[in-house]
Amino acid sequence: LSLIAVTLVLLSGCDTSIKAVEADGEPEHVYQWRGAGGGLASWMAGGRYMLGISVDPVVDVWAWAEDGTMRRLLERQPFAKAPGQGYAVWEDRLVLFNKRHQTEHMSLESLDDEKLAQVQVGQFWYLSKTFASSNGRYIGMVFGLQRHNNPGWRQQTMVAVYDMQDGSFRPVVLKGGEGPRYDFSIDTIRPSNCGGYLALAGWAAAACVVDVEAGRMLWEGEQTLVTDVCWSADDKVLYSVDVLGQFSRFDALTGQLQARLHATTTGEPSRFAHRMSAIAVSPDGRYLAGGTGPMGLIFVWDAATRQRLTVFDHESSTIMLLSFSPDSKRLASYEGGSIKVWTLPDLETPGAEAAVEEE
């Protein structure tokens, strides 16, 4: 009896309100992601596109249509995903980046093995991750250093921006401090829409910004186990989400924290907040969206007032991707083998960013 009493006392002091978050509405469209068998090995959203490659392996590429629906660009097909390979979608075409260690160049190829371009990278670097900018033009890349004959491989990571339009490649080598800070510690790398900066999620468990032109780290945020990052359309603001259920807004150039939202019922911090796994900002800058896991909820906020507008329930597990339609009227979410398209509530606020107060 004493053990039961102690348990009841402990539970009574816990904030369990997060479990009572109620979802709003039903999806307007539901599409089955054919490449979902066995889970995803790679995924990416940028511009009009959503890309997923399963461990089967199967590639599946979707694009926003003008009527607010999504259409599949690539049907299900066998796809030999290989180490040292990355992906992008440009002008409705899937592009493969191949860079393995012991090769000097990174090659760009089509699905039909057509050689599109070649870039000098360096012999001992191998490609581990690729992510697209919000406008889809720039591809952020993470390269690891081959272990053999490189005793400092854990402390060196190369990040880069590749311009899909003019083919330029701009690398920056980062050197970590003590501890195993290597390429796989970067969960996400997002180029700015101008291509001049790279935002990192996960480097030292924080959100960070790299100045590509200067070739150095511009700033590093606090260590909150950041999982994803996203730029505003004008590149002046960087947003991040983390496992603590926090949606944070930073000045992109200084790293100053300007505002923080929480994936909770009340909007206040809670140790029972939903772990946030994906992030997106609408093209018009008026909506903020954060996906969570393992419950699969999507929180949507008004960027100007910071008021929570709605919560959508994808009804499965962790949200992997979020993508706003080009007209900012709909939001697509992916997880659990399906894409769901949600209609966003109307906003009366005219501005996108100006009304956000600093914390």
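The values are calculated or read from the model by the stated rules, or taken from the named source; none is laboratory data. Bear in mind the structure is a predicted one, so any value in this text is a computation, not a measurement. Cβ coordinates were reconstructed from backbone atoms using ideal geometry, including for glycine residues, and neighbour counts include every protein chain displayed.
Brief remarks follow.
- Residue in the range 259-278 that is among the charged types (D, E, K, R) and under 24 Å from G136 (Cβ atoms) present: no
- Residue check for H262: without any contact (Cβ under 8 Å) to a residue 24 or more places away in the chain and under 27 Å from W43 (Cα atoms): yes
- Figure legend. Inter-residue proximity from the range 202-222: first residues closer than 16 Å to R190 by Cα, second residues outside any loop (DSSP other than H, G, I, E, B) and among the acidic types (D, E), beta-carbon distance below 6 Å, spacing 6+ or different chains. Indicated pairs: A206/E220; C208/E220; L218/D211.
- Only strands (runs of 3 or more DSSP E) whose full extent lies in the range 115-213 are considered here, and none of them has at least 1 residues that are of a type in the set (D, E), touching a Pro at 6+ places or on another chain (Cβ under 9 Å) and modelled with pLDDT under 85.
- Checklist (1) among the aromatic types (F, W, Y); (2) more than 28 Å from V212 (Cα to Cα); (3) at pLDDT 95 or above applied to F324, failing item: (2)
- Meeting the requirement of 3 or more residues that are not hydrophobic (A, V, I, L, M, F, W, C), the strands (runs of 3 or more DSSP E) wholly within the range 215-261 are 237-242, 246-251.
- Residue satisfying all of: in the range 299-329; under 13 Å from V30 (Cα atoms) and in contact (Cβ under 8 Å) with a residue 24 or more places away in the chain; nearest to the chain's Cα centre (by Cα) among these: H314
- Pair list, Cβ under 6 Å, 6 or more apart: the range 91-119 residue closer than 21 Å to L145 by Cβ, other residue among the polar types (S, T, N, Q) and not in a strand (DSSP E or B): H101/Q146; E104/Q123
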